[in-house]
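**Q** Next up is a structure, given as structure tokens.
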Number of protein chains: 2
Amino acid sequence: MKATILFSGGKDSCLAAIMLSRFFEVELITYNFGLLDNWKQAKQVAEKLKLPFKIIKLPQKILDEAVEITNKDGFPNNGIKYIHQKALEFASQDSKVIADGMRRDDRVPILLLSEIRHLEDKFDVHYIQPLMGYSRKTINILVKRFFEIKEYKSEDFIGAEYEFELREAIKRKYGVTAVEKIFPKGHSQTIVIRYNEI
Amino acid sequence: MKATILFSGGKDSCLAAIMLSRFFEVELITYNFGLLDNWKQAKQVAEKLKLPFKIIKLPQKILDEAVEITNKDGFPNNGIKYIHQKALEFASQDSKVIADGMRRDDRVPILLLSEIRHLEDKFDVHYIQPLMGYSRKTINILVKRFFEIKEYKSEDFIGAEYEFELREAIKRKYGVTAVEKIFPKGHSQTIVIRYNEI
């Protein structure tokens, strides 16, 4: 049975992929709007995991909508969550099992239980969050066993997360000062640089 | 690294055990108050899973307290949750990683996120709920791949869940009519009768 995992190449989506690969034929998908080629970061990590990878273009209007939400809010949480929900809906049209790397300690772009059930019912899909029952410190132990990772700040490196095209789109429409106001400085991301198969 | 799984022999705790056995040296624990020998059901299932099994006696006063909570409420949810929380605390004194078979669709004895964090901090323990990111229908697919199960009604068969000693204790103190009032009829449980190793 195929399971499509929304994939950024960060430690959480990598661990989710490894966990599900025991039960499903895992396929990694990175969504992109065509503004940046940051999906290449995810592709390189997918190759290290030796798992099939697809890049899929999302409609520009989803990014436009996320830009307006984010600009109105003055912070990125709801804009990022909006993109993630749309990406889950797109994945649901292509696969009966979808998954991501959300953790119980995540704030964004975590879905409410009611939103999860709505998605599952509307698209008749299984939505799995394999890491949801694990704390941050437990995840860190498992990550250490499987991966070497690089931590980076969002302003220093461009990863495959939605955040980066959202920043770019806001920069193009509202200027660099808007980006600096909206996105907190020093926000950490990770990318997997090595997979130690067990 | 050892992980202690609170184990009843039902489909959820069995699936949780199988999932974690990839990452940890799993040990199954069934807690019992010495009123019934229903722990034997769990032991038989543990043998089918070929995983180490321990039965541990919990202090009688925990059951006494659960009886009073349940009798006062007029329904069993909080009494069962009380026993489960105490069992998790006991397990935390013996193991750095503890786990159970809770699902996101469970109502009882699920802990709030604040209670989970409190437990982890107080006992410096990793508390994993491997099934938390899976819906009931996804669990059912995985269960089918690994196990043959028997479904039964609580009034027809005595499994290793906390519910059964709680029923017995209430019967001894408040009589059989109290049990019939408090526990909903037709409540379904499962027990694993075969493990199909993959």
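The values are calculated or read from the model by the stated rules, or taken from the named source; none is laboratory data. Just so it is clear, the model here is predicted, and its values are computed rather than measured. Here the Cβ is made from the backbone with ideal geometry for all residues, glycine too, and neighbour counts use every protein chain on show.
**Q** So which of A:G101, A:G159 is within 14 Å of chain B (Cβ to nearest Cβ), small (G, A, S) and touching a strand residue (DSSP E or B) at 6+ places or on another chain (Cβ under 9 Å)?
**A** Among A:G101, A:G159, only A:G101 is within 14 Å of chain B (Cβ to nearest Cβ), small (G, A, S) and touching a strand residue (DSSP E or B) at 6+ places or on another chain (Cβ under 9 Å).
**Q** Name the one entry in A:E47, A:E25 that is within 14 Å of another protein chain (Cβ to nearest Cβ) and either surrounded by fewer than 15 Cβ atoms within 10 Å (Cβ to Cβ) or more than 20 Å from A:P109 (Cβ to Cβ) (or both).
**A** A:E25
**Q** Also: For the stretch A:111-121, check the following and say yes or no: at least one residue is part of a loop (DSSP other than H, G, I, E, B), modelled with pLDDT under 95 and over 24 Å from A:K171 (Cβ atoms).
**A** yes
**Q** Something else: Before we move on, is B:L131 under 18 Å from the mean Cα position of the chain (by Cα), surrounded by 13 or more Cβ atoms within 10 Å (Cβ to Cβ) and in a helix (DSSP H, G or I)?
**A** Spelling it out, it is not the case that B:L131 is under 18 Å from the mean Cα position of the chain (by Cα), surrounded by 13 or more Cβ atoms within 10 Å (Cβ to Cβ) and in a helix (DSSP H, G or I).
**Q** Something else about it: Just one of A:D156, A:D124 is modelled with pLDDT under 95 and of a type outside the set (A, V, I, L, M); which is it?
**A** The conditions single out A:D156.
**Q** Need at least 1 residues that are basic (K, R) and in contact (Cβ under 8 Å) with a residue 12 or more places away in the chain per element, so show me which helices (runs of 4 or more DSSP H) inside the stretch B:10-76 make the cut, counting only ones lying wholly within it.
**A** Qualifying helices (runs of 4 or more DSSP H): B:11-20, B:39-49.
**Q** Something else about it: Does at least one position in the stretch A:118-125 carry a residue that is farther than 27 Å from A:F75 by Cα, touching a residue at least 60 places away in the same chain (Cβ under 8 Å) and either crowded, with 22+ Cβ neighbours inside 10 Å or more than 10 Å from chain B (Cβ to nearest Cβ) (or both)?
**A** no
**Q** Let me ask you something else. Find the residue count for the stretch B:134-156, including only residues that are part of a loop (DSSP other than H, G, I, E, B) and either in contact (Cβ under 8 Å) with a residue 24 or more places away in the chain or within 12 Å of chain A (Cβ to nearest Cβ) (or both).
**A** 4
**Q** Those residues that are in contact with a strand residue (DSSP E or B) (Cβ under 9 Å, 6 or more places away or on another chain) and either surrounded by 10 or more Cβ atoms within 10 Å (Cβ to Cβ) or assigned to a loop (DSSP other than H, G, I, E, B) (or both), I need them from the stretch B:169-198; list them, please.
**A** B:K185, B:G186, B:H187, B:Q189, B:T190, B:I191, B:V192, B:I193, B:R194, B:Y195, B:N196
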